[in-house]
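The values are calculated or read from the model by the stated rules, or taken from the named source; none is laboratory data. Just so it is clear, the structure is predicted and the values come from calculations on it, not from any experiment. FYI the Cβ positions are ideal-geometry reconstructions off the backbone, even for glycines, and counts take in every protein chain you see. Heavy atoms of the whole protein, side chains included, go into the accessibility calculation; ligands, DNA and RNA do not. Shrake-Rupley method; radii C 1.70, N 1.55, O 1.52, S 1.80 Å.
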Amino acid sequence: MTADSWRNLIEHIGLLYQEYRDKSTREEIETRRLQDSQTDPEETSPREETPSEAEPTSTAENKAPPQISLLRNSNSRFNLWQDLPEIRSSGVLSVLQPDEINLQEAMFELVTSEASYYKSLNLLVSHFMENERLKKILHPSEAHILFSNVLDVMAVSERFLLDLEQRVEENIVISDVCDIVYQHTVNHFSVYITYVSNQTYQERAYKQLLQDKPAFREVISQLELDPKCKGLSFSSFLILPFQRITRLKLLVQNILKKVEEKSDRESTALDAHKELETVVKACNEGVRKMSRTEQMISIQKKLEFKIKSVPIISHSRWLLKQGELQQMNGPKTSRTLRTKKLFREIYLYLFNDLLVICRQIPGDKYQVFDSAPRGLLRVEELEDQGQSLANVFILRLLENADDREASYMLKASSQSEMKRWMISLAPNRRTKFVSFTSRLVDCPQIQCVHPYVAQQPDELSLELADVLNILDKTDDGWIFGERLHDQERGWFPSSMGEEILNPKIRAQNLKECFRVHKSDDSQRRKLGSRNRQ
């Protein structure tokens, strides 16, 4: 494919990446809903889906690269290899096994979604970054923070896409794409870490510019209204690289689930997935690093030690949870409560390796009166003792600031808050249901049907179509879950998802995850057993 024909291809793609991503995840949700409603999940497997009739195309279009006929119309079906006129007229569908057709679809989606992603990146650069009015408004340092190294990211995507498209053009049946993914991840995808690590600065700069520069706000609003943006916001373009690198890992996982076991293609997919996982983790750490450092400095300024001072700021320490609880006055054995006056407020700061217990004092300060290493904490839920002791639990410090054991009877504001504190304080405590790493045949599962952004450190942000094991749940609408594709754990509202009721689908989900992570089983168990933070 020549450079000119390739650029012509990009111009004809009908879907921006945001549109592709939204459609793709919603189709995944609907497919899983359909499977979940069936007695036998095989009856509704995507591999048996009947291809829709392809729209009539001219002779020129038949000779064009597959992506043009696939994505020209954003309202038509998309991302189906078997719907291409070239495929349907070749007779190859009658020769290939259903499993191979399913694999072809998975590989083809990775290619076409990269083309859609490049189209959106190109729009971010040409329509926003290179806009002359915007250039005059922004100081070079502001533009650098706002757009970071997006030109490097786009160049990497272009090189990656060219190699993928060349592979598609080699044969009507795609041989593999994960070898290309592996090479590009190892050699070029570090640009994503740089871009994503700048995200905190980027978001802050964007909010500040909207607030301080009316001219900036006006130009951005006008640019967003351009029909080529299809109603999408400027911020949706800024977050494209982080969304893409995460999605790319999931697309490779999807391929890995479909390749034949113990084959060369499985080995290549496992290698590609491992390298992508490394990049995604580095991106996540880059985002967290700055916000964590600023947060620790802020907390340090608020604390006054009544006991021996403990240095709070450390490169290896971060906040897991903070908040107010009610401490019962008197000895632990006195469990007959007649009035709320028997409780007094205390404030807890729980870090990944340390707990500090405080009382609020004037001036928005907190006086620390006890502390303990997180590994020396134990919790115990009280049996039903009536309304007065509802949501009460015992916190034991096996070795506190005075080098002795101490116990606190603490009351939370709700059942969910009590359970959240108990799981955060003692992460290895057994939950109501088993985790992914137990390899149990069945476990309650839920799929996300509404995206959720974590509001607190112990919560888990969710993307559409995420599948999670349910580890615990509360009567007031919260779920503690473990996401299958990366074993991240956290709390989220139960209204964000739909429970998967079909045991065969749940077992299939677990089996696929075991296969994805089988390349390093010991590392998988380590990831599953640790706290998500």
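Every residue in the range 342-394 that is of a type in the set (D, E) and part of a loop (DSSP other than H, G, I, E, B), please. Walk me through it before giving the result.
Step one: of the range 342-394, the residues of a type in the set (D, E) are 345, 353, 364, 370, 380-381, 383-384.
The answer is D353, D364, E383, D384.
Among the residues of the range 261-314, which ones are of a type in the set (A, V, I, L, M), open to solvent by 80 Å² or more (accessible area, probe 1.4 Å) and under 21 Å from the mean Cα position of the chain (by Cα)? If you could, list the steps in order and put the result at the bottom.
Going residue by residue through the range 261-314, those that are of a type in the set (A, V, I, L, M) are 269-270, 272, 276, 279-280, 282, 287, 290, 296-297, 299, 303, 307, 310, 312-313.
Now narrow it down to the ones that are open to solvent by 80 Å² or more (accessible area, probe 1.4 Å): 313.
Of everything in the range 261-314, nothing turns out to be of a type in the set (A, V, I, L, M), open to solvent by 80 Å² or more (accessible area, probe 1.4 Å) and under 21 Å from the mean Cα position of the chain (by Cα).
With a cut-off of at least 2 residues that are assigned by the TED database to the domain that holds S120 and at pLDDT below 95, name the helices (runs of 4 or more DSSP H) lying wholly within the range 212-272.
Numbers: elements: 214-224, 234-238, 240-256.
Those helices (runs of 4 or more DSSP H) span 240-256.
Answer yes or no as to whether S120 is under 24 Å from the mean Cα position of the chain (by Cα) and open to solvent by less than 50 Å² (accessible area, probe 1.4 Å).
Working: under 24 Å from the mean Cα position of the chain (by Cα): yes; open to solvent by less than 50 Å² (accessible area, probe 1.4 Å): yes.
Here the answer is yes, as S120 does meet what is asked.
Please determine whether any residue of the range 156-170 is over 21 Å from V219 (Cα atoms), of a type in the set (F, W, Y), open to solvent by less than 40 Å² (accessible area, probe 1.4 Å) and assigned by the TED database to the domain that holds T246.
Yes, some residue in the range 156-170 is over 21 Å from V219 (Cα atoms), of a type in the set (F, W, Y), open to solvent by less than 40 Å² (accessible area, probe 1.4 Å) and assigned by the TED database to the domain that holds T246.
How many of the residues in the range 432-450 are open to solvent by 10 Å² or more (accessible area, probe 1.4 Å) and at pLDDT below 65?
Looking only at the range 432-450, we keep the residues that are open to solvent by 10 Å² or more (accessible area, probe 1.4 Å), and these are 432-435, 437-442, 444, 449-450.
With the extra rule that they be at pLDDT below 65, the set shrinks to 432, 434-435, 437-441.
Final tally of qualifying residues: 8.
Going through the range 36-50 one residue at a time, which ones are assigned to a helix (DSSP H, G or I) and either modelled with pLDDT of 85 or more or exposed (fewer than 14 other Cβ atoms within 10 Å of the Cβ) (or both)? First the steps, then the outcome.
Quick first cut of the range 36-50, residues assigned to a helix (DSSP H, G or I) only: 36, 41-44, 46-48.
Listed by number, the residues that qualify are D36, E42, E43, E48.
Residue check: is S197 at pLDDT 95 or above, under 23 Å from the mean Cα position of the chain (by Cα) and either buried (at least 20 other Cβ atoms within 10 Å of the Cβ) or on the phi < 0 side of the Ramachandran plot (or both)? Before the answer, list the steps.
Numbers: at pLDDT 95 or above: no; under 23 Å from the mean Cα position of the chain (by Cα): yes; either buried (at least 20 other Cβ atoms within 10 Å of the Cβ) or on the phi < 0 side of the Ramachandran plot (or both): yes.
Considered against the rule, which asks whether it is at pLDDT 95 or above, under 23 Å from the mean Cα position of the chain (by Cα) and either buried (at least 20 other Cβ atoms within 10 Å of the Cβ) or on the phi < 0 side of the Ramachandran plot (or both), S197 comes out as no.
Of the residues Q166, Q202, Q183, which is in contact (Cβ under 8 Å) with a residue 40 or more places away in the chain, assigned to a helix (DSSP H, G or I), within 30 Å of Q487 (Cα to Cα) and of a type outside the set (A, V, I, L, M)?
Values: Q166 fails: within 30 Å of Q487 (Cα to Cα); Q183 fails: in contact (Cβ under 8 Å) with a residue 40 or more places away in the chain.
The conditions single out Q202.
Using beta carbons and a limit of 9 Å, which pairs, at least six apart or on different chains, have the first residue in the range 9-35 and at pLDDT below 85 and the second one open to solvent by 50 Å² or more (accessible area, probe 1.4 Å)?
Hits for this filter: L9/M1; H12/R72; I13/R72; G14/R72; G14/N73; G14/N75; L15/K23.
I want to confirm something. Restricting to the range 402-416 and keeping residues that are open to solvent by 40 Å² or more (accessible area, probe 1.4 Å) and not hydroxyl-bearing (S, T, Y), which single residue is nearest to the chain's Cα centre (by Cα)? Spell out the reasoning first.
We begin by selecting, within the range 402-416, every residue open to solvent by 40 Å² or more (accessible area, probe 1.4 Å); these are 402-405, 407, 411, 413, 415.
After this cut, where a residue has to be not hydroxyl-bearing (S, T, Y) as well, the list is 402-405, 411, 415.
Details: D402: 41, D403: 41, R404: 41, E405: 39, K411: 32, Q415: 27 Å.
Across the range 402-416, the extreme among qualifying residues is Q415.
What are the pairs with Cβ atoms under 9 angstrom where one residue, in the range 227-245, is farther than 12 Å from Q199 by Cα and open to solvent by 60 Å² or more (accessible area, probe 1.4 Å) and the other, located anywhere, is hydrophobic (A, V, I, L, M, F, W, C) and modelled with pLDDT under 95? Sequence gap at least six, or different chains.
K228/L16; K230/L16
Looking at (1) modelled with pLDDT of 95 or more; (2) buried (at least 20 other Cβ atoms within 10 Å of the Cβ); (3) among the polar types (S, T, N, Q), which is the one condition that is false for N149?
(2)
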